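Take a look at the structure below.
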Amino acid sequence: MTISKMTWRPQYRCSKFRHVFGKPASKEACYDGVPITRSVHDNHLCAVNPRFLAVITESAGGGSFVVLTLHHTGKVDPHHPKVTGHRSNVLDLKWNPFNDYCIASCSEDTTVKVWEIPPQGLLRNLTVPWKELQGHSRRVGLLEWHPTANNILFSTAYDYQVMIWNLDCPEQVIKNPLRTISHHPDVVLSLAFSTDGSLMATTCKDRKVRLIEPQTGSLLQESKTKIHRAAKVLILGNLKMILTTGTSIWNVRQIALWKQDDLSVPLLQEDLDGGSGILFPFYDPDTHMLYIVGKGDASFRYYEISVEKPYLHYLTDYRSLLPQKGMGVMPKRGLDVTSCEVFRFYKLVTTKSLIEPVSMIVPRRSESYQEDIYPMTPGNIPAMTSREWIDGVKRDPVLVNLKPGSQVADSYLSLVKGVDTRRSQSRPGLLQLSYIQGQLDSTKGSKEDGGNDKGQEDGSPLSNGQEPALCSPPKTENELRLKFHKQQEEIRRLRELLNQRDVRIMQLELEINNVKNTQHS
């Protein structure tokens, strides 16, 4: 008689994110009195970056949205300046991932408009856009920026077209898109990119998932299954998977995972509940955590995704009493790493005209920087220009270190190693060496002497770009606060400019060394 060994397997997974919890902001840290739109359009209705919060607002006649600086918490003035350039309701907003002062909006008036927000925020209504994109024949419902190429914008409308726009052109009104993708027989409901932007996934009103190459516009794959009706889509780039949310044939809300290379049958389908609100998925590639937020729900679920079965691991729920109409998400570079914050939502509560930040926290005893939960992550530096993308170049995003004080240096060093060394090998050696040497000398000279030119022209120092005689002292507490925040923004901008010049010098020196090594070899 043989006795087989019994293997014991634990029923739990070892995960550093098992105890992640949601922490709502205090009442003083919320944004109260914001007239959030009552539109039934299934979008996030909110866009956030480390400087500003933008929310689509309810307006009588025309479309508008409000832009608030992040420190502008508490009660919002009902007469706060707005962006009011659209002739009909605004349907979607997206901040430029490489420029915190640039935001795109689309509207029922069939146009897409790109706006430049002043560093101190809006002091008066903004009506004139930086760029206006005219090409769609029906209302435009969705916008997305390319994740690695600078100033490449995608828009979809109720004319079933996906249009690609290049904003690096001198015209203020652009009427001809760079390319038009016409593979959809109905309205496009969702659009998502892979990490390097080489693939684009879409869902359509026909409930199919399509995988498209955006640079050529060619259709690579299309799902055929009828057991899952997809509404929203994400590409889990570092896992080579695609995630969709939608409903089953029995109208039960559902999550589905697909292989990126095979959209014939989903890898996994998980039924959630019988709710009626659409499910918005949010994925954090650094922690492999997936957040599922239901429109109209008062709570949301979060999971951890792995490449091995069962793929989807439920963690827990965040529960509250207030239903959300939309959600904004802060980019990773805007999180508070000192409190182990790994994700931050901005929850729109229409019933109370309230925007409530909710931070997802990994509980740790140590107060030091936790490198294991903050790997290198995409930053705010484009990996390539729009012209390079049009020419067919593909590059991974430029990564930054979230550790305080090391973001700019690390991001530029990765740019030098990943981009400029390859570019230097394709240029003639002597010509490039003299060009770089001239750039290096001019950069060093501008750093040493540039700060004295404007101030010495008339012999008087400047204050925030204005002469002290023209700067009247603040008369009220609000004016004093505005001037204080303006000075803080100016100081931060100058520090960033100084860091960029230092890194540019380092970048040019590295190129010189590469060229010299190539010549000696």
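The values are calculated or read from the model by the stated rules, or taken from the named source; none is laboratory data. All values reported here derive from a predicted model rather than from experimental measurement. Backbone-built Cβ (ideal geometry, glycine too); neighbour counts: all protein chains shown. When the accessible area is computed, the model is the full protein with side chains, heavy atoms only, and any ligands, DNA or RNA have been set aside. Shrake-Rupley method; radii C 1.70, N 1.55, O 1.52, S 1.80 Å.
Enclosing the Cα atoms of the range 266-389 in their convex hull gives a volume equal to 179 cubic angstrom per residue.
Determine the sum of side-chain charges near residue 174: Lys and Arg each +1, Asp and Glu each -1, restricted to other residues whose C-beta is under 11 angstrom from that of residue 174.
0
Accessible area per residue for the range 63-184 in Å², computed with a 1.4 Å probe and the full protein assembly in place, what is it? Averaged over the residues of the range 63-184, the accessible area is 38 Å². Applying 1/(1 + (r/R0)^6) with R0 = 60 Å to the Cβ-Cβ distance of residue 520 and residue 270 gives a FRET efficiency near 0.50. Excluding same-chain neighbours fewer than eight residues apart, the aspartates and glutamates reachable from residue 516 by a Cα-Cα span under 20 Å are 420, 441. On a per residue basis, the range 276-408 carries 42 Å² of accessible surface, using protein heavy atoms and a 1.4 Å probe. Taking label positions 7 Å along the Cα-Cβ direction at both residue 487 and residue 16, the computed distance is 4.1 nm, reported to one decimal.
Which pairs, out of 240/295; 175/295; 94/486; 224/352; 240/332; 94/483, put more than 32 Å between their alpha-carbon atoms? Violating the 32 Å limit, Cα to Cα: 175/295; 224/352. Other residues with beta-carbon under 9 Å from the beta-carbon of residue 85 carry, at +1 per Lys or Arg and -1 per Asp or Glu, a net charge of +1.
Rounded to the nearest 0.05, what FRET efficiency do residue 173 and residue 352 have when you use their Cβ-Cβ distance and R0 = 35 Å?
0.30
For the range 59-192, the convex hull drawn through the C-alpha positions has a volume of 122 cubic angstrom per residue. For chymotrypsin sites (Phe, Trp or Tyr not before Pro), the sites in the range 172-260 that DSSP calls loop and that have at most 13 other Cβ atoms within 10 Å are 250.
Sorting 51, 493 on solvent-accessible area from highest to lowest, probe radius 1.4 Å, gives 493, 51. Note on residue 492: accessible area is roughly 100 Å² with a 1.4 Å probe, heavy atoms of protein only. Set the Förster distance to 25 Å, then compute FRET efficiency between residue 339 and residue 495 from the Cβ-Cβ distance, nearest 0.05. For residue 339 and residue 495, the calculated efficiency is 0.60.
Taking the Cβ of residue 254 as the center, what net charge do the other residues with Cβ under 14 Å away carry, scoring Lys and Arg +1 and Asp and Glu -1?
That works out to +3.
Taking amide H atoms as placed 1.01 Å from N in the peptide plane, the amide H of residue 198 has no partner under 5 Å among residues 5 or more positions away or on other chains.
Note on residue 483: accessible area approximately 80 square angstrom, rounded to 10, probe 1.4 Å, nucleic acids and ligands left out. Sorted largest first by accessible area at a 1.4 angstrom probe radius, with every protein chain in place, the residues 252, 128, 76 fall in the order 128, 252, 76. Distance between the pseudo-spin-label points of residue 32 and residue 137 (7 Å out from Cα toward the beta carbon): 5.0 nm. Segment residue 319..residue 259, full-extension length gain: 18.5 nm, with 0.36 nm per residue of separation and the alpha-carbon distance subtracted.
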